[in-house]
Amino acid sequence: MTANADAVQKKVLAEILRRNAETEYLQRYNLCGATDRATFKAKIPMVTYEDLQPEIQRIANGDRSPILSAYPISEFLTSSGTSAGERKLMPTIKEELDRRQLLYSLLTPVMNLYVPGLDKGKALYFYFVKSETRTPGGLLARPVLTSYYKSEHFKSRPYDPYNVITSPTPAILCSDSFQSMYVQMLCGLLHRLQVLRVGAVFASGLLRAIRFLQLHWEELARDIAAGSLSSKITDPSVRDPVADVLKPDTELAEFIRAECSTGEWAGIVTRMWPNTKYLDVIVTGAMAQYIPTLKYYSGGLPMACTMYASSECYFGLNLRPMCKPSEVSYTIMPNMAYFEFLPLAGGACRGEELVDLAHVEVGKEYELVITTYAGLYRYRVGDILRVTGFHNAAPQFRFVRRKNVLLSIESDKTDEAELQKAVERASELLEPCNATVVEYTSHASTKTIPGHYVIYWELLVKDSTGEGRMPSGEVMERCCLAMEEALNSVYRQSRVADGSIGPLEIRVVKGGTFEELMDYAISRGASINQYKVPRCVNFPPILDLLDSRVVSTHSSPTLPTWRPHRAT
Ligand code: AMP
C-alpha cells in the first residue's frame, strides 16, 4: 500500500465518489457521477466544520436522506475540537469501524519489529468510556474511542497473545470513571510482574492513572491483602470479573505499601511494574509537555507514540514506534481516506492548488484536508503537519500543531507551539530547584491596560521534603522574562517598541488544580480518553477555579529584547 500510495489514493477517491454520487452534497456541486481527481478538484470546494453545520444539524435532527453519505449515518462522533463552544459532531457510518480496526491491527506487527516477546506478558492500558447522548433525531453521539470500546470489534475480539490487557473489558466499559480506574489499577497491580508495557491513549491519561495510585494505594493494598473488593465498587458487572482474580496476597499488599508510603514517586512505574519495556502513550503535539513528568515517573522508559487519528478519520501510524518523541513521524495510510494537503507559507495557508499525498515535499508544512468514506469532502482537519521523509511512496509527517491562535492581545498571535516552547525554555530555569512544570494553561488578560499574557503553572517539586525546594520569587520572575524572550518578535515588538502588551505574568497554582480542571471538563461532557488540557482558557468559571487556587504570582521584571530587522 505504501509502495503504491498514489494508485491507492486514486482508487479510494473513485470509490468514495462512486458510492456517494447520489448524495445531496455531491449533486449540489454537479459532479454528475465523475470519479476522477481533476473533476473533483475543479468542482468540490474545501470546507471547514462551520460550512457543514447546516447539513450536520439536519442529520442530527433526524433527516435520514442521503445528505453527505449514501450509507446510513450510524452515529455521531464527538470531537474534542469545538465550534462556537460546542463539541463538533462528526457523522460516521458503520463500516468506518472496520477501517479503524484495520489501522489498529497494524500496530502490533510494527511493534514486534522493535520489541520482541510482547506475547510473553500483558499490557496495562488505562482505557475509559464516556456516557453517550442522543441527538434530537435519536442518533447516538459519543467519542470515537467510546464507540470503539463498545463495538464488537473490541468486546468480542479474538484472543491474541500479543494483545492481552490486564483490564477486564467490563472495567473499561464501566461509565463510572472512579470504579473503572480503581479496577483497572487493581488488576494492573495484581498482574504486576507480567506487565510488559504501560499506557493510555494520551500522556495526560497515564498521568491521571499515576495520580490515582498516589491517592488510593492504601485502599488498593487493603483490598489485595484481604482478597476482597472495596465496597466503593458497586457495579456488579465490574465486581464479578475481579472476584475471579482477587485472592488474599499479603506479600503484594506489603510491597505496595512499602513502595507508596515513602512519598517518593520517582520511577514509580518501573518499581510497580518492573518488566515494563516502554510506555504506550501519545506525547506528540500538545502532549509534548508531559514528557519530563512521564520520564520522572517512569525512570526514563521509552515512550511509543503509535498512531495518529481523529474523530473524522484515522490517519496513520508511526513505523518506528521506539524512536524519541521529538523524532516521531506518522505515515498516513493511503487506504484510510483521500488526503490532500494545503501548503503553508510563512505560517499562512496559500490559496493555491491542494497537493496530493504522493506529491508533498520533504521539509514543507501543510494543513491536512480529507475526503472520507463517511461523507466529508475536502474537509480541513485543522492539523499542521511537516513532511519528514517517505516510507516507500507514502510520505511521513511530523505533527507540528493544531492550527489556531491561542493568545492575542493586539496584533500578536501566539500559537500552541510557541507557548509550549516558551514554557519549556522558562522551565529550564527550574532545574536547579528540582522542580518541573507539570501542567500549564494561559489566558490573554485584558482586565489590565495594556493587556498581558497570564500563564498558570502547576509545579512538581521532585523532592518529598516539599516547600524548601519551591523556586524563589526571583527565579519565577526570571521564568516570566524567559518566556517573553522565547515568544515571537511581534509579541516582543508590542512589549518593547509599542508598549501595547504588559509584562507577562505567571500564576503558580496548587498541586492538583489541573486535575480539578479535568474533572470539571468531564463533568461537562468531555471524555477522559480524549481530554487534553486547554492551553488557553477564557471560560469564566474555569478562570475563577484557577484563580482561586493561586499560591503566588510573578511578573516579568524588565522588557525582553527586541530589535527592528536590519534591512540589509
Ligand atoms: P479528536 O477529534 O478529539 O479525536 O482529536 C483529534 C485530534 O487530536 C487530531 O486532529 C490532532 O490534532 C490530535 N491528535 C491525534 N493524534 C495525535 C498524535 N498522535 N499526535 C499529536 N496530536 C494528535
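What follows is calculated from the coordinates using simple rules that are stated; it is not laboratory data. In this text the structure is predicted, and so the values were computed from the model without any measurement. Here Cβ is always computed from backbone atoms with ideal geometry, including for glycine, and neighbour counts include all displayed protein chains.
For region 326-459, what is the Kirkwood hydrodynamic radius in Å, using each pair of distinct C-alpha atoms?
Hydrodynamic radius (Kirkwood, Cα only) of region 326-459 equals 17.2 Å.
From the square roots a ≥ b ≥ c of the eigenvalues of the alpha-carbon gyration tensor of region 143-187, which class results: rounded (a/c under 1.5), prolate (a/b over b/c), or oblate?
Verdict is oblate for region 143-187.
Rounded, prolate or oblate: which fits region 182-303, taking a ≥ b ≥ c as square roots of the Cα gyration tensor eigenvalues, rounded meaning a/c under 1.5, else prolate when a/b beats b/c?
On the way: a/c = 2.04, a/b = 1.61, b/c = 1.27.
The shape class here is prolate.
Can you compute the modelled spin-label distance between Val362 and Glu428, with each label point 7 Å from Cα toward Cβ, in nm?
Between Val362 and Glu428, the simple spin-label model gives 2.9 nm.
For every helix of n ≥ 4 consecutive DSSP H residues, a contribution of -39,500 (n - 2.57) applies; sum these over the chain, divide by its total residues, and give [θ] at 222 nm rounded to the nearest 500 deg cm²/dmol.
-10000 deg cm²/dmol
Pop a pseudo-label 7 angstrom from the Cα along the beta-carbon direction at both Asp244 and Glu218 and give the gap in nm to one decimal.
For the pair Asp244/Glu218, the computed spacing is 3.3 nm.
Express in nm, to one decimal, how much length is gained between Arg563 and Asp51 on full extension, taking 0.36 nm for each residue of separation and deducting their alpha carbon distance. Working shown, then result.
Working: separation 512, 0.36 × 512 = 184.32 nm, distance 4.17 nm.
Result for the pair: 180.2 nm of gain on full extension.
Consider just the alpha-carbon atoms of region 412-517 and return their Rg together with their Dmax, both in angstrom.
Computed over the Cα atoms of region 412-517, radius of gyration and Dmax are 14.1, 45 Å.
Here are some pairs, Lys130/Lys155; Lys130/Lys232; Lys150/Lys324; Lys462/Lys510; Lys10/Lys88; Lys11/Lys88; which of them have Cα atoms lying more than 24 Å apart in this structure? Write down the numbers at each step before the final one.
Numbers: Lys130/Lys155 16 Å; Lys130/Lys232 20 Å; Lys150/Lys324 33 Å; Lys462/Lys510 15 Å; Lys10/Lys88 29 Å; Lys11/Lys88 29 Å.
Too far apart for the 24 Å limit: Lys150/Lys324; Lys10/Lys88; Lys11/Lys88.
Once whole DSSP H runs in the chain are found, which of them have Cα atoms spread over 27 Å or more along the helix axis and a mean Kyte-Doolittle score of at least -1.0?
Values: long enough: 203-226 (32 Å, 0.29).
What comes out of the filter, once short or polar helices are dropped, is 203-226.
Compute the distance in nm between two label points, each set 7 Å from the Cα along the Cα-to-Cβ direction, one at Gln194 and one at Ser523.
About 3.8 nm separates the two model spin labels.
Measuring from the lowest to the highest alpha carbon on each principal axis, how far does region 61-157 reach, largest first, in angstroms?
50, 29, 24
Quick one: grab the alpha carbon gyration tensor of region 1-119, order the square roots of its eigenvalues as a ≥ b ≥ c, and give me rounded if a/c is under 1.5, else prolate or oblate depending on whether a/b is larger than b/c.
Taking the square roots of the gyration eigenvalues as a ≥ b ≥ c, region 1-119 is oblate.
Please report Phe339, Phe40, Phe178 as a ranked list, fewest other C-beta atoms within 10 angstrom at the top and most at the bottom.
Phe178, Phe40, Phe339
Taking all pairs of different Cα atoms in the chain, averaging 1/r and flipping that mean, what Kirkwood radius in angstroms comes out? Don't skip to the answer; put the middle values down first.
On the way: mean 1/r = 0.0394 Å⁻¹.
Computed over Cα pairs of the chain, the Kirkwood hydrodynamic radius comes out at 25.4 Å.
Output the antiparallel fraction of DSSP beta bridges having both residues in the chain, as a percent to the nearest 5.
75
Give, in nm to one decimal, the length gained when the segment between Glu95 and Ser261 is fully stretched (0.36 nm per residue of separation minus the Cα-Cα distance). Kindly include the intermediate steps, with their values, before the conclusion.
Numbers: separation 166, 0.36 × 166 = 59.76 nm, distance 4.92 nm.
Working it through step by step, the gained length comes to 54.8 nm.
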